[in-house]
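The values are calculated or read from the model by the stated rules, or taken from the named source; none is laboratory data. This structure is a prediction, so every number in the text was calculated from the model and none was measured. So basically every Cβ, Gly included, is an ideal-geometry build from the backbone, and we count neighbours across all protein chains shown. Side chains included, ligands, DNA and RNA excluded: accessible areas come from the protein's heavy atoms. Shrake-Rupley method; radii C 1.70, N 1.55, O 1.52, S 1.80 Å.
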Amino acid sequence: MNRLSVHDLKPEDLLRLTFVGSFDQQAALERELEPFLQALERYADGWMPDVAEGKRRRKYARAAIWKGLEEGRDDVFTSLGFHRTEWPALDMTLWLWQHPRPPKLDIAVNVKPLSFFAEEERCHQIVEMVRAWASRYPVSHAKAHSADDTELAGSPRFGRDEKTSRKDGFDKVYEVFWLNIFGPKLVEAVGRERMLSTPAHRVEELPNGSVLLVTWPTVADFASKEARLAQARAHAHLRPDLDFDTILRILNERSAMLAPVKPRFHPDMAPLLSRVVDRAASHERQRRIAELNAWQPPEPEEWLPADSALPPDVEDLERAREHYSALAEHLVALLHSEVPSVFEAKPESLTDADFYFWREEFPTSRLREAIDEHAVPAIGAYLGEVLVRDLGGRWIPRQKLEEAQVLVGNRAWLPFVRARHYMRSRQALLDYSLTQIYRVAERHRG
C-alpha cells in the first residue's frame, strides 16, 4: 500500500498541528485512545488517514491501530504513524510516553497543502477536533498554524533560540498562533480573566481549566493584513509588557518573507536554479528565489580566441583523445547510479551533474586531495567530451591537462581549468557551472 507523504508534493506551506497532553497509563490503552480516534474520525474533514503504520503499513482500522501500537512499543514510548494514499498529503504521528517518564500523549499532524484549509467550515472542524482532545486529555500546550510561519517564529531572528526554549519551556506566551490551547498553569500565570477577555475570533474555557483561543476564522490566510492584526492584538493583550507596534511589525516582516516571488533566473541557469530552490526549506523558498533572481553567473573566462589556441604538444594525438575519453568514463562510473543521464553525455547531463554536486556539497564533503587528483580531471574530460559530441568540438591535446582545449567555433575552451574553478566550493558549483559554460559555448559556436 503506497502512502502519500508531504515530502512527495511540491515545496509549499502546510498545516502543522502539535498537541501534548497526558493520559491514564493504568487504563486499558484501547479504552484510553478511543476518544482521540473518535474525534479524529469525526472532524478530519477531507484529510482523514486511510493508512496506519507501525512496523508494517496497514489500511486504517481499529485492529490495524492496536497491532501497529503493539509493534511500535519500546522501553520509552509507543508510536504509530497515520497517513493518506490520496491528496491532501498527511504525515501524522502519535507517541505515548510511558513509565519511568510521566505519561504523555504527543500528537504531531502535518497536512499539505495549507491552502486546503481556506474554507472556514474546514478550519472549524480542526478547532472542534482539538477542543475534543483537549477536553479529554489534560493538556500542557497545543497549537495549529502555518508550518512556514512557525519555523520563522522559532528562528533566532524572530523568536527564542533553542537553548532558551528548552530552559524556559512554556512559562510565558511567547507566540500566539492561529489555534492555541493554553494549559491551566499558563492560564494562571497570565491571569484567567485576562486570558478569557482576549480579543480573538474564539476564546473558550475548557472543563479542565485550559483555554482554547483562535485568532482568525481561517488558517490559510494567516499572513493577510487583517489576520496579522488580529494575531498581534491577541499577543499584545496576553503580554501587556510587549509593544503592540513591535509585535505587528515582526509579524508583517514574516509575512513579507513568505510572500510569493516569481522566479526570474538567468536563462542559462534556470533549469539548475529551479532545482536548487526546490531543495530549500519551504519557509526559506521565497527568499532563496529572490536571491537567485538577483544573482548573475560570471561570464566564463576559461577560453582563448581560436587564433590564439595553444597548438598540440603531444606525440600521439589519438592516444591523448582516448585518455580524455577514459577520464570522462571515470565520472560516469562515479555518478551513474545517482545521475543516470551521464551515460548520454548531453547538455541535460551537465545540469544533472551540477545539481548532484551541489546537493551533495561535494567540494567540502570529500577529501580535497581526492577531488584534485580524481574528480577534477574526470569532470574536465567529461565537459570536453560533451562539447565535442554535442557541439562538434575538437580536442587540442596538451601534455598538461589544464592546457588541453576543445575548439568550438571561434573559441578554444579549457574544460580542465573550468573543472578546477568549479570544485573550489559549493557556491563555485553555481558560479562556474558546467551548464552555463556549455550554453555560452553553444552561442559562440557559429
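How do the strands (runs of 3 or more DSSP E) wholly within segment 1-112 filter down when requiring 2 or more residues that are surrounded by fewer than 20 Cβ atoms within 10 Å (Cβ to Cβ) and touching a Pro at 6+ places or on another chain (Cβ under 8 Å): which remain? So that I can check it myself, show each step before the final result.
Values: elements: 15-21, 51-53, 57-59, 77-83, 89-97, 104-112.
Qualifying strands (runs of 3 or more DSSP E): none found.
Yes or no, residue by residue, for (1) modelled with pLDDT of 95 or more; (2) among the polar types (S, T, N, Q):
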| residue | (1), (2) |
| --- | --- |
| TRP133 | yes, no |
| SER140 | no, yes |
| GLY169 | no, no |
| GLU175 | yes, no |
| PHE182 | yes, no |
| PRO199 | yes, no |
| ASN208 | no, yes |
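Going through (1) under 29 Å from ASP278 (Cα atoms); (2) open to solvent by 10 Å² or more (accessible area, probe 1.4 Å); (3) not β-branched (Val, Ile, Thr) one by one, ALA378 falls short only on (2).
Would you check if ALA89 is closer than 25 Å to PRO113 by Cβ, in contact with a strand residue (DSSP E or B) (Cβ under 7 Å, 6 or more places away or on another chain) and not basic (Lys, Arg)? In short, yes.
Among the residues that make up segment 409-420, is at least one of them among the aromatic types (Phe, Trp, Tyr), surrounded by 21 or more Cβ atoms within 10 Å (Cβ to Cβ) and part of a helix (DSSP H, G or I)? Yes, there is a match, as at least one residue in segment 409-420 is among the aromatic types (Phe, Trp, Tyr), surrounded by 21 or more Cβ atoms within 10 Å (Cβ to Cβ) and part of a helix (DSSP H, G or I). For segment 234-283, residues that are touching a residue at least 40 places away in the same chain (Cβ under 8 Å) and among the basic types (Lys, Arg) total 4.
Anything in segment 351-369 that is closer than 17 Å to VAL332 by Cβ and either without any contact (Cβ under 8 Å) to a residue 40 or more places away in the chain or of a type outside the set (Ser, Thr, Tyr) (or both)? List them, or say none.
The initial filter retains those residues of segment 351-369 that are closer than 17 Å to VAL332 by Cβ, namely 351-357, 360, 362.
ASP352, ALA353, ASP354, PHE355, TYR356, PHE357, GLU360, PHE362, listed by residue number.
Taken over segment 215-249, residues that are open to solvent by less than 50 Å² (accessible area, probe 1.4 Å) and either on the phi > 0 side of the Ramachandran plot or part of a helix (DSSP H, G or I) (or both) amount to 12. Can you confirm whether segment 135-145 contains a residue that is open to solvent by 10 Å² or more (accessible area, probe 1.4 Å), in a helix (DSSP H, G or I) and of a type in the set (D, E, K, R)? Checking segment 135-145: at least one residue is open to solvent by 10 Å² or more (accessible area, probe 1.4 Å), in a helix (DSSP H, G or I) and of a type in the set (D, E, K, R).
Table: residues versus (1) within 32 Å of the chain's Cα centre (by Cα); (2) under 19 Å from LEU429 (Cβ atoms); (3) crowded, with 16+ Cβ neighbours inside 10 Å.
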| position | (1), (2), (3) |
| --- | --- |
| HIS336 | yes, no, no |
| ASP352 | yes, yes, yes |
| TYR356 | yes, yes, yes |
| ASP390 | no, no, yes |
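Restricting attention to segment 254-277, the residues that are surrounded by 13 or more Cβ atoms within 10 Å (Cβ to Cβ) and part of a helix (DSSP H, G or I) add up to 12.
Listed by first and then second residue, the pairs with beta-carbon distance under 9 Å, at least 6 apart or on different chains, first residue in segment 1-13 and without any contact (Cβ under 8 Å) to a residue 40 or more places away in the chain, second assigned to a loop (DSSP other than H, G, I, E, B) and of a type in the set (A, V, I, L, M, F, W, C), form an empty list. In the condition set (1) in contact with an Asp or Glu (Cβ under 7 Å, 6 or more places away or on another chain); (2) closer than 26 Å to GLU348 by Cβ; (3) open to solvent by 60 Å² or more (accessible area, probe 1.4 Å), PRO298 is compliant with all but (3). Taken over segment 92-126, the criterion of being touching a strand residue (DSSP E or B) at 6+ places or on another chain (Cβ under 8 Å), closer than 24 Å to HIS283 by Cβ and among the aliphatic types (A, V, I, L, M) is satisfied by MET92, ILE107, ALA108, VAL109, VAL111, LEU114, ILE126. Taking (1) of a type in the set (Asp, Glu); (2) open to solvent by 20 Å² or more (accessible area, probe 1.4 Å); (3) modelled with pLDDT of 95 or more; (4) within 18 Å of ILE250 (Cβ to Cβ) in turn, ASP149 satisfies each apart from (2).
Yes or no: GLU315 closer than 28 Å to GLY380 by Cβ and free of Cβ contacts under 8 Å to residues at least 40 places away in the same chain?
Values: closer than 28 Å to GLY380 by Cβ: yes; free of Cβ contacts under 8 Å to residues at least 40 places away in the same chain: yes.
Here the answer is yes, as GLU315 does meet what is asked.
The condition of being outside any helix (DSSP H, G or I) and small (Gly, Ala, Ser) does not hold for GLY380.
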